[in-house]
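Below is one structure, written out as structure tokens, with a few remarks after it.
The values are calculated or read from the model by the stated rules, or taken from the named source; none is laboratory data. Keep in mind that this is a model prediction, so the values were computed, not measured. Ideal geometry is used to build each Cβ from the backbone, glycine not excepted, and the neighbour counts take in all protein chains shown.
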Amino acid sequence: MELEMSNVIEVEKLQVSYGDQDAVQGIDMKIAGGKVTAIIGPSGCGKTTFLRSLNRLTELNEKCRVHGSVTLDGEDIFAMDPVSLRRRIGMVFQKPNPFPMSVKDNVLYGVKAQGGRGTRAILEESLRKAVLWDEVKDRLFSSALTLSGGQQQRLCIARCLAVAPEVILMDEPAGSLDPGATLQLEASILAMKGAYTVVIVTHDVQEARRVSDYTAFMLSGRVVEFGRTEDVFESAAKEVTRDYLAGRLVTAAAAVA
Amino acid sequence: MAAMLVVNSLPALDNPGLDQLTRGEFASQFSTGERIFGLLPTISGTVLLTVVAVALALPVALAMAIVATEFTLGPVGRVMRALLGVLGGIPPIVYALLAVVLVEQFMIPKFAGDMTFATFDPAKIGASTETWPPSDVPFNAGAYPWDPTGLNNSTLLGGILVAMLIVPFMAPLMADAIRNVPNSAREASLAVGANRWFTLRHITLPLALPGIVAAVALGILKAMGDALIVIFVIGWEANGVPNPFFDVLERTAPITSTSAGLLGGFQGNSGVCTGASCHVGYFGALLLLIAAVVIVLVSTVLQARLRKRTAL
Amino acid sequence: MRTTEARTFAVPAAGRLSLERPLSGATAGGGLLAIAAGLASLADNGAEALALPVLALMLMVSLGDISYVWFENRTFDRSAAAIAGASIAGALLLLVMPEYLYGREINGIIHRSLFASAVLIAVGVPASITGVQRVLGGAPSARDVARYPIVLLPVIVALAAYALLMERLVSDGAGKLSWDLLTTSYTEEVTDAGFVYEAGLRNHILGTLMLIGLTSAISIPPGVGAGIFVSEYRGPLAHIIRFSTTMLRAISVFIIGVVAFSLVDAASGSAPGDPISDFIRGYYSDANGFKHAAKGSFLLAAVFLSLLVIPVIARSTEEGLRSVPRDIREGSIALGATEGHGLRRILLPWAMPNVITGLLLGAAEAAGSVAVLLFIAGTGQYGVGPLKEATSLSFVIFETKYGPKPFQDAMGSYEFSAALLLLIITLGLTVGALVIKQRFITRYRGSLAGD
């Protein structure tokens, strides 16, 4: 697939296995900078594993083996210091996981972890970008755990943004949110376009359509189809993709077809 | 049925305990010869010993717990965990024997040197020959200016023994507390660019704190209870209340030892106690029980507070 | 607003002469050397002589660091300065201190090596941390590598202490062990010439075994029962039991002994031959066939030991039952099995490894316990049996210091041997328990057990 923007992340023949089970089998993908790329697919297709391999969180599991190459701005991520890598590629998780600290401390945590000084300016800017500032500006010192689920998730986004990453990975961020909170979340994602590169994994096909510029459809550890969102949704090349988008059941075998 | 034990023992303790108690029980002298049963020295003995033991044991146990849980690369973590299991199987009295070894290898070289009174060289302690021997110390050719056999009775030695006893007890509990910290918190920290040490310090350990507090409380209880083994080293008579900072090398005896001594009447007696000794002995045990309950209550409250703060 | 980590050392361009790597290597090496010297001083007084040279080395290295950083980057290397300062201060302190520190208040003398150790470690730890960190390029992961090993320090010191004990136990204890010792029982006789005694550990060994046996027999039913109760039935009582179990475990060892003693005391009024007295105090017959009451019977000891052991078994059982996966439980109920049936056929077998583990651990407790036996055990000269006077290997260690004089004379030197034997038994039980837990869980339960 040819893409006109510069590609921030280039994945080549990526293979991730847990023990003797392959979760991700040979993925090639180029992720465009400044755009939102969605990864969709049924449960267990490996999309979360793929996402986590991009910031090397897969290494937390001893049994995990990763082969292939992934580059960020041309640098091999596996040759980098993993902690430095994660300062450039941030992640928001499915279930909001704010730290048991105040809102302010949460947002500035990453900054402090990197040895920087957390300033009020960073705090405000990150919260604004996550579309959360207005709701918490009077509550900066109260515990993050008093926020609603949707607010907590946006707080996690703000926390992620505070360290100024280049890329933000999102693993089903709306997974535990109600529809209203989901919409607010999507608003913040849209607000990030242009300044950040976002890769979002979701099982909600419509959400992918709403927020993303590019969509990848994964099945059984492989990328079946990848292209501009409009193209994939309106005129998918493969039948299995069309099936999935229409809500029909797809089997693993179809992936290889 | 464990609960019933508590109920049962109270009457047994109260009955003989209460009536003879009021007589000078908190006096600071204690001597079987003179039949003065002051409990203050023994209480302070327990406190001192427990403080020393826990102070020594806490960092070690915590370090072991961290090694056991965080060193997931390679064999180090696994070896540690196996070691903890093995060390935990050592029965307490064996540690009492350790005292002998420790005295030879550690206490004497560090605290008494290898000189007798006759061969004593005042230059080694920086005193000049004119001021030696100090005039207010009675001259006794056969003795040191300090008593190296006192080392056997030192609180420091007892503290080291008890510390070694409670470390394998506390460390697995702390390790469990660390392991129970939800992975999501750790991942969130790593995902935002913190390294593992920062995560450990700011996220993992604070979240594990309630469990660690529980482990420490149990360690304190065990130290108070098993201080008995110290009887091997220190004996069971607590004579005076030592000054905590300077008399680390003095003799003190914890409640368990003293009560045991009073009740048992050692050195070959038939093991039956008489009169006041009995009552005071029982009272000592009662004190111990009360202290235990207090500690458990305090630790439970503390844990609840900590948990509320982190909403775990 | 990007925050970048300020690197003290710039990455050298190719071709330039750079001293950073060697300098940081020297700092790291020096730091590690200092730590080693500190540990050595702890072990041996003479090693303190190393302190001054090592401190001088650290001083030179850190001065080198400071000057290099100043000339290259025009910044002031604060950590190296701190190390230099600490080295100077420490060296001065050690120079001034006499070999032994003595003060009126301290009832003894303190050797300088203790302070040498403290200084060396205080200088060595920061030096090695910054050194290693920089050698590895200053990346944040490097910081991890530099700091984590510091945690090993207290562990090493502690393990050394445990090793010391083991070594002494083996060398002293094993040396005195002999087949004779194991098979003779301690006996004393009064003859015209005074006491005649025979030293031996046999009765004590048998005593330990008897205690283990009796206690286990008494403890298993209530232990397993309690475990089942706590895990299967909700209710406030279950919580109370669980709570008191944990708490009493740590401290009750002594209390139990006291209570046991009070029973003995209470029974001292009754005469031997009376069943109560027999049960509680045990008895022995002397040369003329008369019954005398002893200090405490095995049965009594076992009863009280079981108070210790039951919670251990109960906890293990509960743990085992709780680990039964929900699907298996629900499967059994869905098929219409009654609770009792499900319990027997499914749950208990599943939890069996845990129960066995609990049993072995409880046995180890029983074997090692001294506090409970404190007042009710004796010298073991009267043989072993449920109603005989109680004794065990653990108790014998205690007796060598506080027992009757003739006993001390005869057996006093065997304390390490007894301890060694005891250790072998308890460790065997403990390790066995752990191994069974591991082995059976994987083999028995297969992949359903999860990880």
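Below is a table of values for the structure above.
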| quantity | calculated |
| --- | --- |
| Hits in region A:37-51 - residues which are outside any loop (DSSP other than H, G, I, E, B) and more than 15 Å from residue A:91 (Cβ to Cβ) | A:38, A:40 |
| Qualifying residue in region A:11-23 (condition: outside any helix (DSSP H, G or I), more than 20 Å from the chain's Cα centre (by Cα), more than 9 Å from chain B (Cβ to nearest Cβ) and of a type in the set (Phe, Trp, Tyr)) | yes |
| Residue ID - modelled with the lowest pLDDT, chosen from residues in region C:74-90 that are assigned to a helix (DSSP H, G or I) and surrounded by fewer than 14 Cβ atoms within 10 Å (Cβ to Cβ) | C:78 |
| Which numbered condition residue C:156 fails, given (1) within 13 Å of chain B (Cβ to nearest Cβ); (2) modelled with pLDDT under 85; (3) under 32 Å from the mean Cα position of the chain (by Cα) | (2) |
| Evaluation of residue A:58 against (1) in contact with a Leu (Cβ under 9 Å, 6 or more places away or on another chain); (2) of a type outside the set (D, E, K, R); (3) outside any loop (DSSP other than H, G, I, E, B) (one fails), failing number | (1) |
| Any pair with Cβ under 6 angstrom, 6 or more apart, that starts in region A:5-29 at a residue that is of a type in the set (Ser, Thr, Tyr) and ends at one that is in a loop (DSSP other than H, G, I, E, B) | A:6/A:33; A:18/A:63 |
| Qualifying position, being free of Cβ contacts under 8 Å to residues at least 12 places away in the same chain and more than 10 Å from chain B (Cβ to nearest Cβ), among A:81, A:76 | A:76 |
| Residues of region B:48-61 satisfying the condition of being within 11 Å of chain C (Cβ to nearest Cβ) and out of contact with any helix residue (DSSP H, G or I) (no Cβ under 6 Å at 6 or more places or on another chain) | B:58 |
| Options A:58, A:71, A:49, A:37: the member that is in contact with a Gly (Cβ under 9 Å, 6 or more places away or on another chain) and away from chain C (no Cβ under 14 Å) | A:49 |
| Criterion: surrounded by fewer than 24 Cβ atoms within 10 Å (Cβ to Cβ), part of a helix (DSSP H, G or I) and modelled with pLDDT of 75 or more - qualifying residue of C:356, C:333, C:346, C:397 | C:356 |
| Which numbered condition residue A:71 misses (of (1) within 13 Å of the chain's Cα centre (by Cα); (2) in contact (Cβ under 8 Å) with a residue 60 or more places away in the chain) | (1) |
